[in-house]
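Peer 1: Here it is: the structure, laid out below.
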Amino acid sequence: QVQLVESGGGLVQAGGSLRLSCSGSGNVLSVNTMGWYRQAPGKQREMVARMTSGGSTEYADSVKGRFTIFRDNPDYALYLQMNSLKPEDTAVYYCNAMGYKSTDSGPRIFDSWGQGTQVIVPS
């Protein structure tokens with residue numbers, strides 16, 4: 001298993017910046033992809049940014065040029081730098097890790113989520 005804990009959320013005015021952190025523990029060496037997702041009230045959870053173990057990144061169109069995902073391998077931490085925040089960025093942000101773990105029957109995929117951290121950008 002991989003345990004994820006998010007932090008760094010809060011209230012910030014439009015145009016401001018915020019950095020989210022995700023701390024991982026457990027079987028982190030088996031993680032292939034990590035990312036940030038968000039869910040606004042009444043809306044579907046959506047991918048914000050993600051990266052593979054090789055460093056390849058992908059961003060939602062709505063955040064390209066404003067958000068940056070990066071990691072700190074020694075600490076097994078994932079970050080999301082959010083700049084030029086907009087009211088539509090208001091959501092609960094979740095850290096995600098996907099990969100596999102070895103079992104007696106072979107590899108087994110896993111999909112771990114943190115508890116989420118709230119980001120509020122008032123209009």
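The values are calculated or read from the model by the stated rules, or taken from the named source; none is laboratory data. On a predicted model such as this, the values are computed, not experimentally measured, just so you know. Virtual Cβ from ideal backbone geometry, glycine too; neighbours counted across all protein chains shown. Heavy atoms of the whole protein, side chains included, go into the accessibility calculation; ligands, DNA and RNA do not. Shrake-Rupley method; radii C 1.70, N 1.55, O 1.52, S 1.80 Å.
Peer 1: Measure off 7 Å from each Cα along the Cα-to-Cβ vector at residue 123 and residue 73, then give the distance between these two points in nanometres to one decimal.
Peer 2: 4.6
Peer 1: What does the charge count around residue 66 come to, taking other residues whose C-beta lies under 12 Å from its C-beta (Lys +1, Arg +1, Asp -1, Glu -1)?
Peer 2: Numbers: positive: 64, 86; negative: 61, 88, 89.
Net charge around residue 66: -1.
Peer 1: For 69, 109, 120, write out the residues from largest to smallest accessible area, computed with a 1.4 angstrom probe and no ligands counted.
Peer 2: On the way: 69 10, 109 145, 120 65 Å².
Accessible-area ranking of 69, 109, 120, largest first: 109, 120, 69.
Peer 1: Expressed as cubic angstrom per residue, what is the convex hull volume of the alpha carbon set of segment 33-123? Let's see the in-between values first.
Peer 2: Values: hull volume 11.1 nm³, N = 91.
Each residue corresponds to 122 Å³ of Cα convex hull volume.
Peer 1: Now, a different point. If you count only protein heavy atoms with a 1.4 Å probe, what accessible area per residue comes out for the chain, rounded to a whole Å²? Walk me through the intermediate numbers first.
Peer 2: Working: 6710 Å² over 123 residues.
Using a 1.4 Å probe on heavy atoms only, each residue of the chain averages 55 Å².
Peer 1: May I ask for the net charge around residue 83, where only other residues with Cβ less than 13 Å from the Cβ of residue 83 are counted and Lys, Arg are +1 while Asp, Glu are -1? Walk me through the numbers before you get to the answer.
Peer 2: Numbers: positive: 19, 64, 66, 86; negative: 89.
Local charge sum for residue 83: +3.
Peer 1: Segment 63-92: which trypsin sites (Lys or Arg not before Pro) are DSSP loop and have at most 15 other beta-carbon atoms within 10 angstrom?
Peer 2: Working: sites: 64, 66, 71; in loops: 64, 66.
Counting only loop positions with at most 15 other Cβ atoms within 10 Å, the trypsin sites (Lys or Arg not before Pro) in segment 63-92 are 64, 66.
Peer 1: Nearest 0.05, what FRET efficiency do residue 44 and residue 115 give at R0 = 25 Å with Cβ-Cβ as r?
Peer 2: Numbers: r = 19 Å, r/R0 = 0.75.
E between residue 44 and residue 115, to the nearest 0.05, is 0.85.
Peer 1: Still on this model: Give the carbon-plus-sulfur fraction of the accessible surface of the chain in %, rounded to a whole number; probe 1.4 Å, heavy atoms of protein chains only. Could you put the intermediate results ahead of the total?
Peer 2: Working: 3160 of 6710 Å².
Carbon plus sulfur share of accessible area: 47 percent.
Peer 1: Now for a separate question. Which order do 110, 70 take by accessible area at a 1.4 Å probe, largest first? Working shown, then result.
Peer 2: Numbers: 110 30, 70 65 Å².
The residues order as 70, 110, largest area first.
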